[in-house]
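The structure appears below as structure tokens.
A short reminder: the numbers here are calculations on the coordinates, not readings from a lab. Since the structure is predicted, the reported quantities are computational estimates derived from the model, not experimental observations. For neighbour counting, all protein chains shown are included, and Cβ atoms are generated from backbone atoms with ideal geometry for every residue, glycine included.
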């Protein structure tokens, strides 16, 4: 099977979707219908594409054992879970044990085949969503991914309506992998300084500074436009970044803002650095309005993607020996605010976390600005000198 890009009727040139096809370019109808349903439900293009990739693995596995997706049973879903986990599974057709890239001497699975527990659970969730959709819309089968459990009365004597207890059923998932708990890592000041020194270009250092000093998500960073920062003003100490939710027509294939529009106050030094990048380092491409763009290659001047940001962090981690992921800068920023004595409601409003405390506590922009001004007055600047 293969995944191809397809453009549908009445779609704009930049609008395309992934479609699962056979090797002879025949569309897999159940997957296409399911993807159309997800689009109608308002799922983002990236989310639908992830569903398609997950279903490709499942349908290829079904094809390898000679099963149709309509013939799958709970035991088959269990075998598929073993397959995703890189272990040994039994082929129900040939009754032969099949291994997935296992070392014959040690019996260990090749590390390249291993998947994280979260990844496996997401892929199982994709399969479960497909069957749930077919069950609700077409009523053609019962989902093999869930089981029905009946609540029985523990009373000694049965009541008059005890026979109706069989109708009181709850649905629970059959197949999940236990996810190990991860410690949310934050960087120390020395690690921050060492990692930043390992970045090669002015743009890369600026990306690091924006993530570190604002706690933005990657999707929010790459979604910034040229108009989304305040004017440089040497008489002010605090500037601002404006996170704006734009319509789909102006932002192709971009993730939605999780928390809507908000203003993030930053040191004026960062605003001057952004303005310097725009005027001196950013490649000019007519019609491009995004702030951070690719600086070389065929994609020069185009908007950078999530993978590009993650790649530059991986390469810098190898050079400096400091393991750092972009999202860890968000945890670092939040931790430093908490250590500085900020209330959780202020932090939630700044970084855009939709917690109950942030919802029920109304914080004005003036209060946020004053609080950040006090924070930067107590903290050190980029040169390591006390302000």
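Descriptive notes on the structure:
- Ranked by the mean number of other Cβ atoms within 10 Å per residue, highest first, peptides 222-235, 265-278 order as 265-278, 222-235.
- 327, 333, 281 arranged by Cβ crowding within 10 Å, fewest neighbours leading: 281, 327, 333
- Length-normalised contact order of region 198-347 in % [C-alpha pairs under 8 Å, at least 6 apart]: 28 percent
- Label-point separation, residue 190 to residue 137 (7 Å along Cα→Cβ), nm: 5.7 nm
- Simple spin-label estimate for residue 319 and residue 63 in nanometres, 7 Å along Cα-Cβ: 4.2 nm
- Once the chain from residue 71 to residue 41 is taken as fully extended at 0.36 nm per residue, the excess over their C-alpha distance is 8.1 nm.
- Whole-number percent relative contact order across region 201-248, with pairs defined as alpha carbons under 8 Å at least 6 apart: 24 percent
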